1. When segment 34-55 is examined, which residues are found to be farther than 15 Å from residue 9 by Cα and not in a loop (DSSP other than H, G, I, E, B)?
2. Does residue 17 qualify as being hydroxyl-bearing (Ser, Thr, Tyr) and over 10 Å from the mean Cα position of the chain (by Cα)?
3. Restricting attention to segment 6-21, does a residue exist that is surrounded by 14 or more Cβ atoms within 10 Å (Cβ to Cβ), touching a Leu at 6+ places or on another chain (Cβ under 9 Å) and among the acidic types (Asp, Glu)?
4. Taking residue 32 as the residue in question, decide whether it is under 17 Å from residue 19 (Cα atoms), of a type in the set (Asp, Glu) and out of contact with any strand residue (DSSP E or B) (no Cβ under 7 Å at 6 or more places or on another chain).
5. Determine if segment 27-35 includes at least one residue that is aliphatic (A, V, I, L, M), surrounded by 11 or more Cβ atoms within 10 Å (Cβ to Cβ) and under 11 Å from the mean Cα position of the chain (by Cα).
6. Return the residue satisfying two criteria in turn: it lies in segment 69-80 and is closer than 14 Å to residue 9 by Cβ and free of Cβ contacts under 8 Å to residues at least 40 places away in the same chain, and of such residues it is surrounded by the fewest Cβ atoms within 10 Å (Cβ to Cβ).
7. Tell me, please, whether a residue that is part of a helix (DSSP H, G or I), in contact (Cβ under 8 Å) with a residue 60 or more places away in the chain and closer than 17 Å to residue 5 by Cα can be found in segment 56-68.
8. Consider residue 46 carefully, then state whether it is among the acidic types (Asp, Glu), surrounded by 11 or more Cβ atoms within 10 Å (Cβ to Cβ) and either at pLDDT below 95 or touching a strand residue (DSSP E or B) at 6+ places or on another chain (Cβ under 6 Å) (or both).
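The values are calculated or read from the model by the stated rules, or taken from the named source; none is laboratory data. Owing to the predicted nature of the structure, the values given are computational and were not obtained by experimental measurement. Glycine also receives a Cβ, built like all others from the backbone with ideal geometry; neighbour counts cover every protein chain displayed.
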Amino acid sequence: MSDNIEQQVRQIVCQVTGLPNDFDPNQHLYLDLGVASVHALQLLMEIEDKFGVGIPDEEFVEATSLKQLSEMVQRLVPQGSSN
């Protein structure tokens, strides 16, 4: 996985949720880090806009950590794309 994608997703998560930049990428965003569910739609829209992808709702709700979100984006972003 591209570290660049993970860094960009981390930046979006931090901006939307107010989390500090140094949280563990494997922590559960909602259960471990206390991210409010009201942030989920905003996260989805910001990630889709940033990377120019459409994320199926079913996939998005299953990606509950930064690592999982980043891996999902990596799969959806066209190869060679540099956002």
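1. Answer for segment 34-55, where residues must be farther than 15 Å from residue 9 by Cα and not in a loop (DSSP other than H, G, I, E, B): just 38.
2. Details: hydroxyl-bearing (Ser, Thr, Tyr): yes; over 10 Å from the mean Cα position of the chain (by Cα): yes.
Yes; evaluated as a whole, the condition is true for this residue.
3. Going residue by residue through segment 6-21, those that are surrounded by 14 or more Cβ atoms within 10 Å (Cβ to Cβ) are 6, 8-10, 12-14, 16-17, 19.
Narrowing further to those that are touching a Leu at 6+ places or on another chain (Cβ under 9 Å): 6, 9-10, 12-13, 16-17, 19.
Filter once more, so that each one left must be among the acidic types (Asp, Glu): 6.
Yes, there is a match, as at least one residue in segment 6-21 is surrounded by 14 or more Cβ atoms within 10 Å (Cβ to Cβ), touching a Leu at 6+ places or on another chain (Cβ under 9 Å) and among the acidic types (Asp, Glu).
4. Details: under 17 Å from residue 19 (Cα atoms): yes; of a type in the set (Asp, Glu): yes; out of contact with any strand residue (DSSP E or B) (no Cβ under 7 Å at 6 or more places or on another chain): yes.
Answer is yes for this residue.
5. Initial filter on segment 27-35 (aliphatic (A, V, I, L, M)): 29, 31, 33, 35.
From the residues that got through so far, the ones that are surrounded by 11 or more Cβ atoms within 10 Å (Cβ to Cβ) too are 29, 33, 35.
Still in the running and under 11 Å from the mean Cα position of the chain (by Cα): 29.
Looking for residues that are aliphatic (A, V, I, L, M), surrounded by 11 or more Cβ atoms within 10 Å (Cβ to Cβ) and under 11 Å from the mean Cα position of the chain (by Cα), one finds at least one in segment 27-35, hence yes.
6. The initial filter retains those residues of segment 69-80 that are closer than 14 Å to residue 9 by Cβ, namely 69-77.
From what is left, the residues that are free of Cβ contacts under 8 Å to residues at least 40 places away in the same chain are 72, 75-76.
Numbers: 72: 20, 75: 10, 76: 17.
In this case the residue turns out to be 75.
7. Here is the first cut: in segment 56-68, the ones part of a helix (DSSP H, G or I) are 57-62, 66-68.
In the following step, the residues that additionally are in contact (Cβ under 8 Å) with a residue 60 or more places away in the chain were identified as 66-67.
Okay, now just the ones that are also closer than 17 Å to residue 5 by Cα, so 66-67.
Within segment 56-68 (the criterion being part of a helix (DSSP H, G or I), in contact (Cβ under 8 Å) with a residue 60 or more places away in the chain and closer than 17 Å to residue 5 by Cα), the answer is yes, since at least one residue qualifies.
8. Working: among the acidic types (Asp, Glu): yes; surrounded by 11 or more Cβ atoms within 10 Å (Cβ to Cβ): yes; either at pLDDT below 95 or touching a strand residue (DSSP E or B) at 6+ places or on another chain (Cβ under 6 Å) (or both): no.
When the stated conditions are applied, residue 46 does not pass them.
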